[in-house]
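Read through the structure below, which is laid out as structure tokens, and then see the notes.
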Amino acid sequence: MTNDKRESYQGQLDCDLTLFFQLISSEQDEKPNRINHLYQLRDDRKYQELHHEICELMFDNAEQSKELWIRIDEQDDTISSENPDSYSDEDERPYYRVSIMTKAMLAYDRMIFRRILEENSDDNSGENGYATNMYRPYFFNFLIDSKENKDKIKFLTDPRNINQWFVGSFSENEEGTVFSGYIERFASPAEYKEGKIIISDTRLSKSVLHEINEVYNLGKNPCSSDKDIQMELDRILEKPELSTARIYNIGNGNCIYLKGRNSFGDLKILYDIGYYCTRPGKNINNKIYQPSISAIRSLKPQCVIISHWDSDHYYGCAYADPDVFRCKWIAPDLGDNKNVSARRVAKYLKVMKKIILVDRSSGRQLARIIGIHSEFKLYIGEKKSGKDGKITVQNKEGIVLEYLVHGHKGDIHTFMAGDVPYESIPGHAYFSTNTTYDYLVVPHHGAEMETSLLSNATLKKGYAIVSAKKGRLVQSHKDALTNSDYDVRITGDAKLCIEINLLNHKVPKRCH
């Protein structure tokens with residue numbers, strides 16, 4: 001990008017920001033000194049600091065607004081299966097997350113995405129652009145406590161309301177159902193604030209829904225072909241020889257960092273970059289996961305693979321170094337998933353030309369990358385009704401990772417299932433038909449599911465790692481793993497992570 005073009009884009013961005021400042025100022029009669037501070041940051045070209053201040057202002061204004069746009073998101077299937085009364089006030093317990101949008105957030109994203117798209121109109125030419133370097137995905141939600149609101153949960157679980165937008169407010173003077181819980185503000189760092197939200201029976205107008213869909217639309221036929229994905233992974237991984245994998249303790253979520261070498265030198269891959277926040281009683285800041293959060297800040301992958309678009313598999317990107325958005329992301333198509341947080345991340349990566357979306361309409365082997373002594377494979381899970389009917393389609397059609405090392409003392413076999421239940425792993429993976437895996441990262445954080453495929457293996461002592469907090473692993477699932485000769489390890493028992501050696505059959509190491 002030439003200097004003249006770069007300065008032109010900077011001028012256009014500044015004009016857009018002026019209009020945006022006028023919008024948020026008029027919406028809430030914002031104090032002049034706060035708006036003047038935004039102008040000063042803009043004039044000083046401190047754009048990253050400006051973005052953070054804009055997010056904080058939008059969050060503050062939302063808490064005072066008389067009209068929010070609230071989406072009842074589809075919940076993790078395990079929430080409905082747990083009994084809130086079994087949790088004490090000191091325990092982590094299930095919550096229902098609802099997404100929140102405002103007119104200002106929509107206007108801000110529309111403006112920024114347009115500018116980033118212009119800066120990235122040529123291949124990689126926009127990486128030094130002002131808007132490109134200014135913006136980071138942000139999240140704004142409300143966590144509804146399942147125990148304190150158990151008499152009102154039917155509203156959230158009614159199929160007619162799931163994945164629908166409603167008008168609401170934080171003001172108890174407005175009409176609607178009152179839910180208690182926590183405001184979740186994600187603009188790094190995450191902040192949690194006790195409060196109440198009111199959700200009315202009024203659906204969002206079609207015109208506003210159209211605006212939201214337009215801003216976060218990923219385009220017609222957004223998926224790449226399997227052939228193109230194979231070629232891109234061949235280019236990025238280039239004869240991968242992975243040696244270790246760190247499965248971080250982020251609660252019931254997934255964040256796995258694979259390290260090794262390839263033809264170019266060091267190779268680092270992220271298989272999910274999740275963050276799991278629960279309502280942990282008095283410990284609302286989730287200090288238990290602080291070591292992992294600190295580690296996420298320093299990760300420098302050449303590629304990010306997202307198994308599926310549940311928040312506990314991608315929310316950690318809010319903590320990551322900006323460079324995490326400079327590498328290619330491989331992720332399933334969002335399909336009918338209209339969760340605004342997932343859409344915001346995907347659209348940001350789309351205008352940055354950094355995301356490759358995978359068609360998840362059929363279970364199959366997606367890619368096979370051959371190293372000198374290894375095989376790196378990705379699969380797409382199959383949507384099967386079976387006994388895992390309660391598990392979401394997003395979970396079933398996720399991306400699965402398999403890594404096989406051919407050593408002089410025998411093969412070392414690692415299988416990472418994401419949230420894809422055993423019966424949805426495609427036949428192309430020949431799951432458990434030959435032997436117990438050396439390392440199995442258990443699907444869906446040890447939730448209840450059909451486990452009969454585990455019994456097909458010829459027994460060989462292996463290690464099963466469950467990416468979950470203590471107490472999540474269902475006993476029947478644990479029994480099936482134990483009966484299949486797995487030594488079960490849980491990330492919740494490690495302060496930082498569990499590290500496995502992908503080259504040798506060794507006891508997984510707890511890192512503190």
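The values are calculated or read from the model by the stated rules, or taken from the named source; none is laboratory data. As the structure is a computational prediction, the values presented were derived from the model and not from experiment. Here the Cβ positions follow ideal geometry from the backbone for every residue, glycine too, while neighbour counts run over all protein chains shown. Accessible surface areas use protein heavy atoms only, side chains included; no ligands, DNA or RNA. Shrake-Rupley method; radii C 1.70, N 1.55, O 1.52, S 1.80 Å.
Take the alpha carbon gyration tensor of the stretch 377-512, find the square roots of its eigenvalues, order them as a ≥ b ≥ c, and report rounded if a/c is under 1.5; if not, report prolate when a/b exceeds b/c, else oblate.
Judged from the Cα gyration tensor, the stretch 377-512 comes out oblate (a/c at least 1.5, b/c at or above a/b).
Show me, for the stretch 506-512, the HN-Hα J-couplings you get by feeding each phi into the Karplus relation (A = 6.51, B = -1.76, C = 1.60, θ = phi - 60°), rounded to Hz, glycine and proline as x.
Calculated HN-Hα couplings, in order: 10, 5, x, 9, 7, 9, 10 Hz.
For a Förster distance of 56 Å, can you work out the FRET efficiency between the beta-carbons of residue 174 and residue 259, rounded to the nearest 0.05?
E(calc), rounded to 0.05, equals 0.65.
Ignoring ligands, DNA and RNA, what accessible area per residue does the chain give at 1.4 Å, in Å²?
On a per-residue basis, 41 Å².
Mind pulling the angle between the C-alpha long axis of helix 206-215 and the longest principal axis of the chain? Nearest 10 degrees, somewhere in 0 to 90.
For 206-215 against the chain, the angle is about 60 degrees.
Spelling out what I want: for every residue of the stretch 37-53, take phi, set θ = phi - 60°, compute 6.51 cos²θ - 1.76 cosθ + 1.60 (Karplus), and round to whole Hz; glycine and proline get x.
5, 5, 4, 5, 4, 5, 5, 7, 6, 8, 6, 5, 5, 4, 4, 4, 5
So which trypsin sites (Lys or Arg not before Pro) in the stretch 140-193 end up in coil per DSSP with only 15 or fewer other C-beta atoms within 10 Å?
The qualifying sites are 150, 152, 160.
Which listed residue (39, 290, 55) has the Cα farthest towards the positive end of the charge dipole for the chain, taking +1 on Lys and Arg C-beta and -1 on Asp and Glu C-beta about the Cα centre?
290
If you roll a 1.4 Å probe over the chain with all protein chains in place, what percent of the accessible area is carbon or sulfur?
46 percent
Based only on Cα atoms, what mean projected area does the convex hull of the chain have, in nm²?
The Cα convex hull of the chain, projected and averaged over all directions, gives 23.5 nm².
Over the chain, what relative contact order in percent results from Cα pairs under 8 Å that are six or more residues apart?
For the chain, the relative contact order is 12 percent.
Which loop-located trypsin sites (Lys or Arg not before Pro) does the stretch 196-236 contain, where loop means any DSSP state but H, G, I, E or B and the Cβ has at most 13 other Cβ atoms within 10 Å?
220
Output the direction-averaged projected area (hull surface divided by four) of the convex hull of the alpha-carbon atoms of the stretch 438-505, in nm².
Dividing the Cα hull surface by four gives the mean projection, 4.5 nm².
Once you've got the Cα coordinates, tell me which of 387/478; 338/495; 147/495; 259/328 are over 25 Å apart.
Too far apart for the 25 Å limit: 338/495; 147/495.
Which GluC sites (Glu not before Pro) from the stretch 191-243 combine a DSSP loop assignment with at most 16 other Cβ atoms within 10 Å?
238
How much length, in nm to one decimal, is gained on full extension between residue 387 and residue 207, taken as 0.36 nm per residue of separation minus their Cα-Cα distance?
Result for the pair: 60.8 nm of gain on full extension.
Over the alpha-carbon set of the stretch 288-435, work out the extent along each principal axis and list the three values in angstrom, largest first.
The Cα atoms of the stretch 288-435 stretch 41, 39, 35 Å along their principal axes.
Test of understanding: what is the full-extension gain from residue 373 to residue 33, defined as 0.36 nm times their sequence separation minus their Cα-Cα distance?
Here the answer is 116.2 nm.
Per-residue HN-Hα couplings for the stretch 184-201, Karplus 6.51 cos²θ - 1.76 cosθ + 1.60 at θ = phi - 60°, whole Hz, x for Gly and Pro?
Here the 3J(HN,Hα) series is 10, 10, 10, 9, 6, x, 6, 10, 10, 9, 5, x, 9, 10, 10, 10, 7, 8 Hz.
For the chain, with only Lys/Arg (+1) and Asp/Glu (-1) charged at the beta-carbon, what is the dipole magnitude about the Cα centre, in debye rounded to 20?
So the magnitude is around 1040 debye.
List the lysines whose alpha-carbon lies under 16 Å from that of residue 384, not counting same-chain residues fewer than 8 positions away?
Of all the lysines, those that pass the test against residue 384 - Cα under 16 Å, at least 8 places apart if same chain - are 396.
Please state the charge dipole magnitude for the stretch 281-351, taken about the Cα centre, from unit charges on C-beta atoms (+1 on K and R, -1 on D and E), reported in debye and rounded to the nearest 20.
So the magnitude is around 240 debye.
If amide H atoms are built 1.01 Å from N in the plane of the peptide, which residues on other chains or at least 5 residues away come under 5 Å of the amide H of residue 502?
Those lying under 5 Å, H to H, from residue 502 are 244, 245.
To the nearest 20 Debye, how big is the dipole of the stretch 407-512 about its Cα centre, given +1 on the beta carbon of each Lys and Arg and -1 on that of each Asp and Glu?
The dipole of the stretch 407-512 has a size of about 520 debye.
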